[in-house]
Structures are given as C-alpha cells and as structure tokens.
Amino acid sequence: MITFDDVVKVYPGGSTAVDHLSLELPTGKTTVFVGPSGCGKTTSLRMINRMIQPTSGRILIDGKDVAGQDEAELRRGIGYVIQHAGLFPHRTVLDNVATVPMLLGKSRREARAVAAELLERVGLATEFASRYPAQLSGGQQQRVGVARALAADPPVMLMDEPFSAVDPVVREGLHREFLRLQKDLGKTIAMVTHDIDEAIKLGDVVVIFRQGGHLAQVGTPQELLEHPADEFVAEFVGRDRGVRSLSFDSAADLPVRPLPADLVLDDAGRPAGWSTGESTGGTFTVADSLRLVTDLAISSPVGIAVRVDDHGKADGVVPHHDLVDHLAARRGRK
Amino acid sequence: MNLNYLFDPAHWNLEDGSIPLLILSHLWYVVLALIIGTIIALPIGLYIGHTGRGSFLAINAGNAGRSLPTLGLLMLMVTLLGLGLTPVLIALTVLVIPPILTSAYAGMRSLDPRVVDAARGMGMRPWQVLTKVELPMALPVLISGFRSAALQVVATATVAAAVGLNGLGRLLIDGLAVNDYSRVLAGAIVVAVLAVLLDLVLALAQRWIVSPGLR
Ligand SMILES: Nc1ncnc2c1ncn2[C@@H]1O[C@H](COP(=O)(O)OP(=O)(O)O)[C@@H](O)[C@H]1O
Ligand SMILES: [Mg+2]
C-alpha cells in the first residue's frame with residue numbers, strides 16, 4: 001500500500017502543484033491519477049520514488065517512509081515507466097531490459113536471461129532483443145519500457161502517461177496487454193493519464209485531480225460514473241457517463257426472447273444475418289456488458305441484439321424496447 | 001620545386017633529422033597536447049553541459065580559441081618561460097581546449113532529458129548515470145570535437161620548430177632558411193598526409209566505440 005499523508009508540493013516560484021494530498025493506493029491494484037493538464041498528477045507520482053521531494057507531508061510504502069531510504073535503492077525496487085519510454089538509445093532492447101537486474105548485482109548472463117523472458121511476456125518476439133530502440137515503433141518501444149520496469153519484479157510500479165504517445169489502435173492493444181499482465185502480476189500500480197477513458201478502463205481506483213493540486217474525487221470507475229461528487233467531476237468524466245457506466249453492468253440478467261423466424265442461422269446454429277439480407281452486426285454473450293448490448297441494439301438495422309452461447313450458437317435476442325425497459329428498471333434499483 | 005627530397009631514401013633512415021623521426025616527434029607534441037587539453041577541457045565541458053552553469057564560457061570558448069594566433073602565443077610563452085617543450089605544449093593545448101570544451105558541452109546539452117530521467121528513476125546513482133548513459137550518448141559529439149582538435153593541432157604543431165624543437169616544422173623552417181623548396185614541399189605533404197591518416201584512425205575508432213544504436 002502506498003500512503004500519501006498530507007503531502008504538499010510548492011515549487012520554487014510559489015506555484016502549488018500538490019495541495020494537502022492524503023490518499024491510499026491499495027496493494028495489488030491499479031490506481032490511476034487523472035485530471036486536466038498541470039493539476040499535479042506527475043508531481044504526485046514522482047514524489048513516490050523521490051524524483052521530487054515534497055515540501056511537507058510524508059509518503060509511505062507499506063508503512064515505511066520513503067524519505068528515510070536511500071534514493072537509488074528505493075528506486076530500484078519501484079518500476080518506472082514514462083511517456084515515450086525513455087529507452088537508452090545506445091543499448092540493445094535486451095540490455096535496456098537487463099538494466100535494473102544488473103544494477104542489483106546480477107551477472108550480465110542472468111540479467112539477460114530475465115530480460116529475454118520479460119520481452120516475451122510483453123509480447124515482443126525474440127528477434128527484437130538485439131535491435132536498438134531507434135529501430136522499433138512507438139508501441140514496441142513502450143512495451144520495452146514496461147518490460148524494463150518489470151525486470152527486477154518490483155512490487156510497485158509508477159507509470160506516467162505510458163500509453164499517451166502512441167496512436168489509438170496501438171494504444172488499444174497495449175491496454176489489453178496491460179490488463180492481461182496486471183491480472184497475472186497483481187502489482188501495486190500508480191498510473192498517470194489525462195485521458196478519463198483510459199483511467200476508467202485500466203483503473204481499479206481512479207483519483208480525479210483538479211487544478212491547483214486538489215483532490216476532486218476518489219473511487220472505483222463505476223462510482224465516479226454513477227455518482228460524481230460535483231459538477232467538475234461530472235463534467236470531467238463526460239456527458240456520456242450514463243452510457244459508459246453500462247460497461248460495469250453485466251448482460252447476464254437481461255431477459256431474452258426466443259429466436260425470431262427471420263433470423264438466419266448457419267448449419268452450426270450460428271447467426272448468419274436477417275432474412276432481409278442485413279447483417280446482425282455482432283453478437284453478445286452473458287459475459288458481456290450492458291453497454292455492448294445497447295450498442296448492438298442501436299446499431300442493428302432491425303433494432304435487435306443477438307445473444308450467442310459459448311459455442312457461438314444463437315440462443316436468444318433482445319429487441320431495443322426490452323433493453324429500454326431493463327435500463328429503466330435498473331435505474332429504479334440504483 | 002620537386003619531390004626529390006621526399007623520395008630520397010636517405011631522408012627515410014632513422015638518423016637525426018630524418019622524416020620518420022620528425023614524424024614521431026611531431027606526433028609526440030600532438031598526442032601530449034591532446035591528452036593535456038582533454039584532461040582540462042573535458043571535465044569542464046561536461047560539467048557546464050550537465051549543470052547548464054557557465055554556458056557562455058563554453059559557447060564563447062570556441063570563438064576565442066579560433067581567434068588566438070598560436071604563433072604569437074608561443075612567442076609570448078617563450079619570452080616568459082624560455083625555450084623548451086613547455087611553451088610549445090601550452091600554445092598547442094590552448095588550441096586544443098576550445099573544440100573539446102565546446103563539444104563536451106554540446107554533447108551533454110543534446111541529451112534527451114527523458115532518457116536521463118528514466119536512468120535516475122530506475123535507480124542509477126549520479127556517477128552511473130554519467131558513465132552508463134550520458135557519456136555513451138554524448139560520445140558521437142564528443143568524438144567529432146576531438147577529431148577537429150586533432151586536425152588543428154597536427155597542422156599547427158609545426159610551430160615547435162620555430163623555437164628550436166623538432167617536429168615536421170623542421171622541414172619547413174630549415175628548407176626555407178636554405179631556399180630548399182623541395183624540402184619545404186616534403187614537409188607540407190607529410191603534414192597533410194599525417195592529418196588525413198590521423199583523422200582516418202579516429203574515424204575508425206569512432207565506429208568502434210560509438211554504439212550502433214546512435215548512428
Ligand atoms: N520543475 C517545476 N518547477 C516549477 N513548477 C513546476 C515544475 N514542474 C511542474 N510545475 C508546475 O506544477 C504544476 C503541476 O505540474 P505536473 O505535476 O507536471 O502536472 P500534470 O502532470 O498533472 O500535468 C503545474 O502548474 C506545473 O507548471
Ligand atoms: Mg504530467
């Protein structure tokens with residue numbers, strides 16, 4: 001657990017970047033700092049590994065004040081990922097990743113073995129190991145950055161806008177990879193982003209900052225979408241927060257109707273389109289969210305979302321008026 | 001004017017005043033000046049580049065160095081210190097310092113601050129950041145400064161002969177004194193070839209020590 005205890009940072013020149021921040025980042029979870037540019041997210045993050053010294057207050061990792069610890073040693077135990085990766089251009093990808101294990105006293109051989117394993121973990125083929133960073137795409141560099149931060153298997157990771165510098169398609173892939181890795185590894189992660197969608201997607205806990213280094217709200221993504229504390233948060237999480245909060249509701253208890261006659265099935269019972277010749281435009285399963293179902297119903301030419309079982313066989317449909325009723329009932333329950 | 005002096009085998013034996021020995025003494029002045037100049041200028045340039053303090057010094061060193069007449073400086077040193085190797089080395093070192101100082105400064109300034117930030121954030125100590133990250137990254141600029149210093153000092157080390165020392169300047173000065181233009185030409189050609197060869201060696205060294213990732 002990372003604890004901010006009444007932390008203040010005033011830069012020379014008088015601007016207050018962080019104003020009496022008290023906060024707990026739970027162990028094994030991803031906590032995302034989000035907010036408009038200049039609201040003190042990076043400053044807060046960098047005070048955890050002492051890249052920035054707080055003006056007052058304390059920061060503790062598992063109850064130990066970071067201020068009392070040797071800077072370099074503290075940082076070797078904390079993974080650090082920054083925007084644009086910050087890879088060493090003069091070292092190969094493999095040696096970039098081997099850096100921290102070697103700082104910690106592993107032999108070059110051991111460190112490289114660990115590094116090779118991690119490159120595989122973040123989805124980079126072995127052929128990349130001997131390349132130099134300049135020979136990689138932005139997305140690949142960012143993967144190496146993550147592998148490098150993970151190399152010494154630190155319990156804590158700090159990530160400052162790790163996915164901001166890549167295009168949306170690549171970012172999507174990195175997000176998936178991140179969620180998969182984090183599910184396996186269960187690191188205590190503090191991540192900074194200015195993108196509320198990213199925060200909602202990746203965060204177990206989301207911390208919204210407002211200008212002047214103040215906390216606006218802390219909560220799970222669902223809490224923030226459903227119960228924004230004030231106008232600022234409501235505005236920040238976006239006008240479509242209602243639709244987005246549907247991401248957190250399961251489609252499992254959504255009532256379905258029997259398959260209608262004009263739904264065409266193939267030999268295996270999978271939906272193949274409507275008898276009018278139009279596509280079903282995608283399907284959902286009980287594991288999906290209400291948001292997906294809503295999207296399918298809205299975008300379907302006939303206003304009907306088709307549900308399939310684990311084998312892809314159609315097993316029911318949801319017309320959009322049923323969905324509306326379900327949403328109305330859901331609202332009543334909340 | 002002809003090439004007789006240059007190709008006369010008698011001038012290539014290993015006796016006093018022969019071309020090979022003059023080349024050796026010439027190189028000796030060059031190497032000493034480069035070593036002393038580097039020891040002085042490199043740390044200062046790195047420090048200024050690293051901290052940003054005293055930048056005006058690093059930027060103006062280049063111009064000041066170019067405008068200082070080495071021969072004039074040498075004469076002044078001889079007047080102050082008498083004849084000998086010391087005044088020659090001082091004059092040549094003064095020539096070497098500006099390009100090395102300026103390139104060390106420029107090399108440090110050209111570093112991507114994000115990479116340095118990452119190095120610190122991963123837990124490198126300041127000395128490790130300098131030796132494992134900053135210096136290797138600044139190396140291409142550093143070496144190009146060193147190469148231009150080497151070229152200048154090879155050409156200018158001929159002044160040593162003006163105050164009674166050896167070096168390839170002997171061929172020029174002694175040749176002029178007895179109107180032996182073949183000897184003067186030999187001196188000029190050997191200096192030029194030496195400069196080209198030295199630069200070639202340094203270029204090869206550069207290929208060898210600069211990471212392929214920086215090309
Ligand atoms: N080194 C610094 N010196 C002075 N002011 C700074 C420095 N770094 C950041 N600031 C100021 O502190 C505030 C917070 O910055 P930062 O933590 O980088 O914000 P964010 O990451 O949320 O965009 C901003 O107003 C910024 O201008
Ligand atoms: Mg920032």
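Quick check: is even one residue across the stretch A:60-67 assigned by TED's automatic domain parsing to the domain that holds A:I189, over 24 Å from the mean Cα position of the chain (by Cα) and touching a residue at least 60 places away in the same chain (Cβ under 8 Å)? Yes, that holds for at least one residue. For A:G86, the conditions (1) within 15 Å of ligand 1 (Cβ to nearest atom); (2) touching a helix residue (DSSP H, G or I) at 6+ places or on another chain (Cβ under 8 Å); (3) not β-branched (V, I, T) are fulfilled apart from (1). The single condition among (1) under 16 Å from the mean Cα position of the chain (by Cα); (2) surrounded by 15 or more Cβ atoms within 10 Å (Cβ to Cβ) that B:A106 does not meet is (1).
Tell me whether the stretch A:102-120 contains one or more residues that are over 21 Å from the mean Cα position of the chain (by Cα), assigned by TED's automatic domain parsing to the domain that holds A:T42 and under 30 Å from A:S37 (Cα atoms). Within the stretch A:102-120, not a single residue is over 21 Å from the mean Cα position of the chain (by Cα), assigned by TED's automatic domain parsing to the domain that holds A:T42 and under 30 Å from A:S37 (Cα atoms). When B:L73 is tested against (1) modelled with pLDDT under 95; (2) closer than 30 Å to A:R50 by Cα, exactly one condition is not met: (2). Scanning the stretch A:162-187 for residues that are over 11 Å from the mean Cα position of the chain (by Cα) and not in a helix (DSSP H, G or I) gives A:S164, A:A165, A:V166, A:D167, A:G186, A:K187. Restricting the stretch A:24-40 to residues that are on the phi > 0 side of the Ramachandran plot and within 15 Å of ligand 1 (Cβ to nearest atom) leaves a set whose member that is surrounded by the fewest Cβ atoms within 10 Å (Cβ to Cβ) is A:G38.
Sort out which residues of the stretch A:1-15 are away from ligand 2 (no atom under 16 Å from the Cβ) and either of a type in the set (D, E) or open to solvent by 10 Å² or more (accessible area, probe 1.4 Å) (or both), and write them in order of number.
If we filter the stretch A:1-15 for residues that are away from ligand 2 (no atom under 16 Å from the Cβ), which is where we start, we get A:1-8, A:10, A:12-14.
Listed by number, the residues that qualify are A:M1, A:T3, A:D5, A:D6, A:V8, A:V10, A:P12, A:G13, A:G14.
Identification of helices (runs of 4 or more DSSP H) wholly contained in the stretch B:44-145 with 2 or more residues that are within 14 Å of chain A (Cβ to nearest Cβ) and among the aliphatic types (A, V, I, L, M) yields B:113-121.
Applying the criterion of being touching a Leu at 6+ places or on another chain (Cβ under 8 Å) and of a type in the set (G, A, S) to the residues of the stretch A:189-221, the residue that is surrounded by the fewest Cβ atoms within 10 Å (Cβ to Cβ) is A:G213.
Within the stretch A:145-164, residues that are farther than 13 Å from A:T99 by Cα and among the small types (G, A, S) have Cβ atoms under 7 Å from residues that are within 13 Å of ligand 1 (Cβ to nearest atom) and open to solvent by 10 Å² or more (accessible area, probe 1.4 Å) in these pairs: A:S164/A:Q83, counting only partners at least 6 apart in sequence or on another chain. On the basis of being surrounded by fewer than 17 Cβ atoms within 10 Å (Cβ to Cβ) and at pLDDT below 95, does B:N166 make the cut? When the stated conditions are applied, B:N166 does not pass them. Evaluate the stretch A:156-168: report whether one residue or more is open to solvent by less than 20 Å² (accessible area, probe 1.4 Å), more than 16 Å from ligand 1 (Cβ to nearest atom) and modelled with pLDDT of 95 or more. Yes, that holds for at least one residue. Regarding the stretch A:208-222, can at least one residue be identified that is among the aliphatic types (A, V, I, L, M) and within 16 Å of ligand 2 (Cβ to nearest atom)? Scanning the stretch A:208-222, I find at least one residue that is among the aliphatic types (A, V, I, L, M) and within 16 Å of ligand 2 (Cβ to nearest atom), so the answer is yes. In the set (1) within 16 Å of ligand 2 (Cβ to nearest atom); (2) modelled with pLDDT of 95 or more; (3) within 22 Å of A:V206 (Cα to Cα), the condition left unmet by A:P36 is number (2). The single residue among A:V243, A:V218 that is touching a residue at least 40 places away in the same chain (Cβ under 8 Å), under 26 Å from A:L202 (Cβ atoms) and touching a Ser or Thr at 6+ places or on another chain (Cβ under 8 Å) turns out to be A:V243. Residues in the stretch A:118-153 that are at the interface with chain B (Cβ under 10 Å from one of its Cβ atoms) and either within 19 Å of A:T193 (Cα to Cα) or assigned to a loop (DSSP other than H, G, I, E, B) (or both): A:R131, A:Y132, A:G145, A:A149, A:A151, A:A152. Number of residues in the stretch A:41-85 that are open to solvent by 10 Å² or more (accessible area, probe 1.4 Å) and within 16 Å of ligand 2 (Cβ to nearest atom): the value is 10.
The values are calculated or read from the model by the stated rules, or taken from the named source; none is laboratory data. None of these values were measured; they are calculated from a predicted model. With ideal geometry, Cβ positions are generated from the backbone for all residues, glycine too; neighbour counts draw on all protein chains shown. All accessible areas refer to the heavy atoms of the entire protein, side chains included, with ligands and DNA or RNA removed. Shrake-Rupley method; radii C 1.70, N 1.55, O 1.52, S 1.80 Å.
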